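Notes to accompany the following structure.
No lab work stands behind these numbers, since they all come straight from the coordinates. Not measured: the values here are computed from a predicted model. Virtual Cβ from ideal backbone geometry, glycine too; neighbours counted across all protein chains shown.
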Amino acid sequence: MNENAEQLKKVSGWGMAWGILTIVCGFVAIGSPFVSGLAVTLIVGITLLAAGISMTVFSFQAPSLGKILIKLLFGGLTVLVGIAILAQPGIALLKLAFLLGIYFIVDGFMTFIVSWNVKPQAGWGWLVFNGLVTIVLGVMILKGWPETSLWVVGMLVGIRLIFSGVTILTLGTTGRQLAREMHGQT
C-alpha cells in the first residue's frame with residue numbers, strides 16, 4: 001500500500017472510531033437529558049469563568065492604560081457571567097436552550113452550504129441530511145421554549161451527536177474505501 005493510501009486508511013480508521021464514540025455519547029445524553037443539559041450548562045459556566053480569569057490576567061500586558069481597562073472590563077464581565085451560570089445552572093439552562101436553538105439553525109444552514117460545496121463526493125448526501133435535521137432541531141427548541149428547556153437541551157444535543165456520529169462514521173468508511181481503491185491502483 002502506498003504512503004498516501006496508508007495515511008488515508010489510518011485517518012479514516014480514527015474517523016470511524018470517533019464516529020462510533022460520538023454516537024454512544026449521543027445515546028447517553030438522550031438517556032438522561034436533564035443531567036446532560038445541566039452538564040452542558042456547567043461546562044459553559046466553567047469555560048466562561050476560566051476564559052474570564054485568563055482575559056483578566058493577560059489584560060495587564062496591553063500596551064496602554066485604555067486597552068488595559070477595556071480588557072479588564074471584558075475579562076471581569078466574562079468572569080461574572082461564568083459565576084452567574086455556575087450559581088444558577090437551572091436558570092442558565094433556560095437561556096442556553098434558547099441560544100442552542102439559534103445555534104442549531106445557523107449550524108444547520110452552514111452544514112447545508114458545505115454539503116453543496118463537496119457535492120458530488122461520496123457522503124455529501126449525509127451532510128445535506130445532517131444540515132436539515134440540525135435546522136429542524138433548532139426550530140423545535142425555539143418552538144417549545146421555555147417549557148421544554150429542562151429536558152430539550154440534553155435530548156437535542158444527544159440527537160445531534162448521533163447524527164454527527166453517523167456522518168463522521170460514514171465519511172470514515174468512505175475514506176477507508178478510497179484507501180483500498182488507491183491501493184489497488186499501485
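For this structure, a couple of remarks:
- Going by neighbour counts of Cβ atoms within 10 Å, the residues R160, R180 line up, fewest first, as R180, R160.
- Per-residue Cβ neighbour rank within 10 angstrom, fewest leading, V152, V106: V106, V152
- Here K9 is the anchor, and the lysines within straight C-alpha reach of less than 26 Å, apart from those fewer than 8 places off in the same chain, are K119.
- The stretch 39-88 and the stretch 121-186: distance between their alpha carbon centers, rounded to Å: 33 Å
- Magnitude of the charge dipole for the chain, about its Cα centre and with charges confined to Cβ atoms of Lys, Arg (+1) and Asp, Glu (-1), is about 140 debye.
- The ranking of V11, V44 from fewest to most other beta carbons within 10 Å of each one's beta carbon is V11, V44.
- Lys/Arg +1, Asp/Glu -1 at C-beta; the chain dipole; positive extreme among G101, W14, L156: G101
- Over the chain, the fraction of Cα-Cα pairs per 10 Å bin, rounded to whole percents and listed from the shortest bin up, is 10, 24, 26, 21, 14, 4, 0.
- Average Cα contact separation per residue, the stretch 3-185, under 8 Å, 6 or more apart, as relative contact order %: 41 percent
- Hydrodynamic estimate: the Kirkwood radius of the stretch 90-186 over Cα pairs, inserted into Stokes-Einstein at 4 °C and 1.567 mPa s, corresponds to D of 89 µm²/s.
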